[in-house]
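First comes the structure, then the notes that go with it.
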Amino acid sequence: MKSALVEPFMGTSPATGSKAYSEESQQSVFPSRAFGCSDTSALIGGCLLSQEIVKTYLDAFTEGWDGYGAEPVTRETVAHAIAFASTIPSSFPMPDICADPDGDINFEWYDSPGRVFSISINAAGLLNYAGLFGKSSSYGVEEFAGLFPRAFIILIQRLYSNV
């Protein structure tokens, strides 16, 4: 199933032969149903996150995508990121999605200056996290085992509690 999920991400634009995809071609090449989304549910929860992950991949799948030698985001990283995104509790705010220069995909929740929580997932399924909560911080590594780690639930709740 993993290869079926990530196969559509590879290659060049069918319309232009370019490795850059326009918004219109992304919609035709990566329809929401490719992520298990109905057309009406494409803008909620994991479906929207899956689409954001694919857009991030399209921006960062080549070496040096940032102009400074960044590592490419791999199909394995995308597959893990989509699986991880599907476990984020629906009661949580939507995170921002971006690529990290080391090829990881980053999920970031921002509350205010000095109050942020970030999780990056890599091709091996490791979750590196760091959070700033005013004058305190927390960081570490978790292995993604198909469930949203309880520690992350506590940390994201802490982020928005302003305590």
**Report entry** In Hz, Karplus ³J(HN,Hα) per residue of region 138-150 (6.51, -1.76, 1.60; θ = phi - 60°; x = Gly, Pro)
**Finding:** 8, 7, x, 9, 10, 8, 6, 10, x, 10, 6, x, 4
Requested in this report: For an R0 of 35 angstrom, estimate the FRET efficiency from the Cβ-Cβ distance between Met94 and Tyr68 and round to the nearest 0.05.
Outcome: 0.80
**Report entry** Phi-based couplings in Hz for region 116-122 (Karplus 6.51, -1.76, 1.60; Gly and Pro marked x)
**Finding:** 8, 9, 10, 10, 10, 10, 10
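When a/c is below 1.5 the answer is rounded, else prolate if a/b is larger than b/c, else oblate, so apply that to region 102-156 with a ≥ b ≥ c taken from the square roots of the Cα gyration tensor eigenvalues. Numbers along the way, then the final one.
Values: a/c = 2.26, a/b = 1.60, b/c = 1.41.
Because a/c hits 1.5 or more and a/b exceeds b/c, region 102-156 counts as prolate.
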**Report entry** Apportionment of accessible area to carbon and sulfur, region 45-163, percent (1.4 Å)
**Finding:** 53
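Going by average Cβ density within 10 Å per residue, which order do the peptides 131-139, 53-61 take, highest to lowest?
53-61, 131-139
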Report summary line: Heavy-atom accessible area per residue of region 74-117, all protein chains kept, 1.4 Å probe, expressed in Å², is 42
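The values are calculated or read from the model by the stated rules, or taken from the named source; none is laboratory data. Just so it is clear, the model here is predicted, and its values are computed rather than measured. Virtual Cβ from ideal backbone geometry, glycine too; neighbours counted across all protein chains shown. What goes into the accessible areas is simple: the full protein's heavy atoms, side chains included, and nothing from ligands, DNA or RNA. Shrake-Rupley method; radii C 1.70, N 1.55, O 1.52, S 1.80 Å.
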